[in-house]
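Remarks on the structure that follows.
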Amino acid sequence: MNIDRSAVKDAVFRVATGIHREVYRRTGGKFGANVGKARMMLLTTTGRRSGQPRTTPLNCIKDGDRYLAVASYGGDDRDPQWFKNLQANPEATIQVGADTIPVRATVATPEEKEVLWPKVVETYKGYEGYQRRTDRQIPVVILTPQAGA
């Protein structure tokens with residue numbers, strides 16, 4: 001029997017993120033906002049093909065007034081869908097606890113990533129392993145809150 005590991009990984013991610021997303025939303029972030037030592041947020045993008053809202057739980061990394069999202073997909077050689085959605089439409093929202101914040105996404109330049117990467121790894125050491133596991137450069141996305149949006 002030949003098992004498509006990517007399909008299995010995708011299915012596990014969909015189920016796990018779906019449960020996490022619903023618990024976080026339904027409790028206003030009282031449950032699901034912390035996983036171990038990691039603070040979590042919900043990122044809602046617009047599906048690039050469907051036009052429908054798509055929400056994914058991600059590590060919440062603060063950088064001054066901005067937030068960072070790491071498009072690691074667990075060290076997979078593919079970019080996560082949420083990252084592809086942001087490339088098509090950088091306008092999104094994040095939910096941090098009970099607060100929903102409109103943001104605009106930009107991908108960190110190589111120079112910015114060099115500065116931000118130690119902060120990213122400090123929040124979750126696994127990112128180092130993910131970067132070693134893949135040939136692609138894992139993007140760091142800067143989420144800048146939008147005033148009055």
To the nearest 0.05, the calculated FRET efficiency linking ASP65 and ASP135 through their beta-carbon distance, R0 being 30 Å, is 0.35
With a 1.4 angstrom probe the carbon and sulfur portion of accessible area for the range 1-139, in percent, totals 52 percent
For the range 87-93, in residue order, the Karplus 3J(HN,Hα) values (coefficients 6.51, -1.76, 1.60; θ = phi - 60°; whole Hz; Gly and Pro = x) are 5, 7, 8, x, 7, 8, 10
Quick calc, the range 3-149, dipole around Cα centre from Cβ unit charges on Lys, Arg (+) and Asp, Glu (-), nearest 20 debye, gives 480 debye
So for the range 43-87, using the alpha carbon gyration tensor with a ≥ b ≥ c as root eigenvalues (a/c under 1.5 gives rounded; past that, a/b versus b/c decides prolate or oblate), I'd call it oblate
HN-Hα couplings for the range 95-105 via Karplus (6.51, -1.76, 1.60; θ = phi - 60°), in whole Hz with x for Gly/Pro, come out as 10, 10, x, 8, 8, 9, 10, x, 9, 10, 9
GNM of the chain, Cα pairs under 10 angstrom: of VAL115, VAL96, VAL23, the biggest fluctuation goes to VAL115
Computed, not fitted: 222 nm per-residue ellipticity of the chain from DSSP H runs ≥ 4 (each -39500 (n - 2.57)), nearest 500, equal to -11000 deg cm²/dmol
Per the C-alpha gyration tensor (a ≥ b ≥ c, the square roots of its eigenvalues), the range 87-149 is rounded if a/c is under 1.5, else prolate if a/b beats b/c, else oblate; here it's prolate
Under the Karplus relation with 6.51, -1.76 and 1.60 and θ = phi - 60°, whole-Hz ³J(HN,Hα) for the range 46-62, x at Gly and Pro, equal 9, x, 5, 9, 7, x, 8, x, 10, 10, 9, x, 9, 4, 9, 10, 7
Residues whose built amide H sits under 5 Å from the amide H of ARG39, excluding neighbours closer than 5 in sequence, are CYS60
Packing-ranked peptide list from 100-111, 64-75, highest mean Cβ count within 10 angstrom first, is 64-75, 100-111
Here the FRET efficiency for ASP77 versus ASP99, based on Cβ atoms and R0 = 30 Å and rounded to 0.05, is 0.30
Contour minus Cα-Cα span, ALA16 to ALA147, at 0.36 nm per residue, comes to 43.9 nm
Within the set ASP63, ASP76, ASP99, GNM on the chain using Cα springs under 10 Å gives the largest fluctuation to ASP99
The chain: relative contact order from alpha carbon pairs under 8 Å, six or more residues apart, as a whole percent, is 24 percent
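The values are calculated or read from the model by the stated rules, or taken from the named source; none is laboratory data. The model shown is predicted, which means the values in this text are computed figures rather than measured ones. Backbone-built Cβ (ideal geometry, glycine too); neighbour counts: all protein chains shown. Note: areas computed on protein heavy atoms with side chains; ligands, DNA, RNA excluded. Shrake-Rupley method; radii C 1.70, N 1.55, O 1.52, S 1.80 Å.
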